[in-house]
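Asks: Just passing along the structure, written as structure tokens.
The values are calculated or read from the model by the stated rules, or taken from the named source; none is laboratory data. On a predicted model such as this, the values are computed, not experimentally measured, just so you know. Methodologically, a virtual Cβ is constructed for each residue, glycine included, from the backbone with ideal geometry; neighbour enumeration extends over all protein chains shown.
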DNA sequence: CTGTTTCGGGACATCAATGTTCCATTTCTA
DNA sequence: TAGAAATGGAACATTGATGTCCCGAAACAG
């Protein structure tokens, strides 16, 4: 029958539903139960075990999935093109669009440093830091700050934007704008 | 003997050690075990149960303690005095100084909305948002942005600063400066 | 329509974290 | 130093999450 990458259609849909539900639930409570996740995915707990034998496998898959979605978003942002400012705007928009996946991945200790060996050595980070370095080289971003620090700021603000949107503090559209404005001008008035 | 608030000296010290260890451990792993916390506090697990009957009690106490420490820090920052910029600088410095407590409290779902009834209706938030409003009124902070959003940014950046310091991305002293610089100018170069 | 696949949910065993109790030992304190 | 307070650690019961198995029902594919 199908090679390993050919899902029966039903299986693929169910699998995606589980991974999506996992990100959604775990983003809000890292200690959530497998039963919680199954409920959110609207499937039976036994079905969940059918797809992911144990919790650890599910978590790794969820991390990998979130990572994949985010990497795709970053790639689509075409971070090498245009001015750094434009690129950052596209990047922020794309990242905000990944929603729960980002909240989940960013808030997971597993996401830092514990990638499956043999996997991509974090092309996401390369693309993001690449953009930042380019911006620094062009004098658009503070060249005296450490690249890692600026990267952390970017993630922190995107994260805050997603959270604030989730809580209704910010209107869904406009989150990216708000984040970019802070990145570019801080919180100051238009002095 | 002592009224309820008079700890025997030893008891007070042990209690503080537990709460401090709890914040430290839970800041890094919310699913940490009571045994982990006891180990970090360098006490026996049974001693921990002697001070905090069950996990829930400990968690509430840890949240209350962290909240107290942070409130004290905010108060010490005398946020009503001087220019908003000066006040924000003092505030950021004070918050960064609370370290693990802030990382723990900020990263805990319990910290949002689930305060013990009859407790202070969050004077911390009142002081912080008060400062932000003052800054907006004086045109120093963007008056078109929602107060809650600016507040969230402040916390997110302070949080990021603590995290980056913990990972060695930023030098311990200078974290507050870095945070304030971003708040005031964003990440741009000195144009 | 029929055989196959997938599903839901119950029953059950397992396991790790938790909470309790007890006692010998160490540490305070008067 | 002697009595009191606090501690650590072992032993044990409990509990909730987890993982496994199984079977009747529903969805799907040909």
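Asks: Just checking, does segment A:62-73 include any residue being under 14 Å from the mean Cα position of the chain (by Cα), within 14 Å of chain B (Cβ to nearest Cβ) and either under 30 Å from residue A:181 (Cβ atoms) or away from DNA strand C (no atom under 16 Å from the Cβ) (or both)?
Replies: Within segment A:62-73, the first condition is being under 14 Å from the mean Cα position of the chain (by Cα), and the residues that meet it are A:62-73.
From what is left, the residues that are within 14 Å of chain B (Cβ to nearest Cβ) are none.
No, because not a single residue in segment A:62-73 is under 14 Å from the mean Cα position of the chain (by Cα), within 14 Å of chain B (Cβ to nearest Cβ) and either under 30 Å from residue A:181 (Cβ atoms) or away from DNA strand C (no atom under 16 Å from the Cβ) (or both).
Asks: Continuing with this model, one more query. Taking only segment A:72-95 into account, find how many residues are part of a helix (DSSP H, G or I) and over 19 Å from residue A:150 (Cα atoms). Outline the logic, then answer.
Replies: First pass over segment A:72-95, keeping only residues part of a helix (DSSP H, G or I): A:72-76, A:84-95.
The next check asks that each one be over 19 Å from residue A:150 (Cα atoms); those that pass are A:72-73, A:75-76.
Residues that pass the stated criteria total 4.
Asks: Failed condition for residue A:36, given (1) buried (at least 17 other Cβ atoms within 10 Å of the Cβ); (2) farther than 26 Å from residue A:97 by Cα; (3) within 8 Å of DNA strand D (Cβ to nearest atom), with all others met?
Replies: For residue A:36, the failing item is (2).
Asks: Next question. Kindly evaluate residue A:31 against the criterion of being within 14 Å of chain B (Cβ to nearest Cβ) and in a loop (DSSP other than H, G, I, E, B).
Replies: Values: within 14 Å of chain B (Cβ to nearest Cβ): yes; in a loop (DSSP other than H, G, I, E, B): yes.
Answer is yes for this residue.
Asks: For residue A:30, are the conditions met, namely being surrounded by 13 or more Cβ atoms within 10 Å (Cβ to Cβ), at pLDDT below 95, within 22 Å of the chain's Cα centre (by Cα) and not assigned by TED's automatic domain parsing to the domain that holds residue A:138? Break it down stepwise before answering.
Replies: Values: surrounded by 13 or more Cβ atoms within 10 Å (Cβ to Cβ): yes; at pLDDT below 95: yes; within 22 Å of the chain's Cα centre (by Cα): yes; not assigned by TED's automatic domain parsing to the domain that holds residue A:138: yes.
Considered against the rule, which asks whether it is surrounded by 13 or more Cβ atoms within 10 Å (Cβ to Cβ), at pLDDT below 95, within 22 Å of the chain's Cα centre (by Cα) and not assigned by TED's automatic domain parsing to the domain that holds residue A:138, residue A:30 comes out as yes.
Asks: Have a look at B:157, B:150 and point out the one that is at the interface with chain A (Cβ under 7 Å from one of its Cβ atoms), under 14 Å from residue B:92 (Cβ atoms) and under 15 Å from the mean Cα position of the chain (by Cα).
Replies: Numbers: B:150 fails: under 15 Å from the mean Cα position of the chain (by Cα).
Every option except B:157 fails the conditions.
Asks: Taking segment B:29-63 on its own, how many of its residues are under 20 Å from residue B:106 (Cα atoms) and without any contact (Cβ under 8 Å) to a residue 40 or more places away in the chain?
Replies: First, the residues of segment B:29-63 that are under 20 Å from residue B:106 (Cα atoms): B:29-33, B:37, B:55-63.
Now narrow it down to the ones that are without any contact (Cβ under 8 Å) to a residue 40 or more places away in the chain: B:29, B:31-33, B:37, B:55-57.
So the count comes out to 8.
Asks: Based on this model, can you work out whether residue B:118 counts as more than 16 Å from DNA strand D (Cβ to nearest atom), farther than 26 Å from residue A:106 by Cα and modelled with pLDDT under 95? Spell out the reasoning first.
Replies: Working: more than 16 Å from DNA strand D (Cβ to nearest atom): yes; farther than 26 Å from residue A:106 by Cα: yes; modelled with pLDDT under 95: yes.
So residue B:118 passes the test.
Asks: Restricting to segment B:164-183, name every residue that is surrounded by fewer than 20 Cβ atoms within 10 Å (Cβ to Cβ), part of a helix (DSSP H, G or I) and facing another protein chain (nearest Cβ under 8 Å).
Replies: B:181
Asks: Give segment A:1-21 a look and list any residue that's at pLDDT 70 or above, surrounded by 10 or more Cβ atoms within 10 Å (Cβ to Cβ) and within 11 Å of DNA strand D (Cβ to nearest atom), or say none. Don't jump to the end; show me each part of the working.
Replies: As a first pass, look at segment A:1-21 and keep what is at pLDDT 70 or above: A:9-21.
Now drop any that are not surrounded by 10 or more Cβ atoms within 10 Å (Cβ to Cβ), which leaves A:11-21.
If the condition is that a residue be at pLDDT 70 or above, surrounded by 10 or more Cβ atoms within 10 Å (Cβ to Cβ) and within 11 Å of DNA strand D (Cβ to nearest atom), then A:11, A:12, A:13, A:14 are the ones that fit.
Asks: Residue by residue through segment B:36-55, note down the ones that are in a helix (DSSP H, G or I) and under 24 Å from the mean Cα position of the chain (by Cα). Break it down stepwise before answering.
Replies: The initial filter retains those residues of segment B:36-55 that are in a helix (DSSP H, G or I), namely B:36-41, B:45-51, B:55.
Across segment B:36-55, the qualifying residues are B:36, B:37, B:38, B:39, B:40, B:41, B:48, B:51, B:55.
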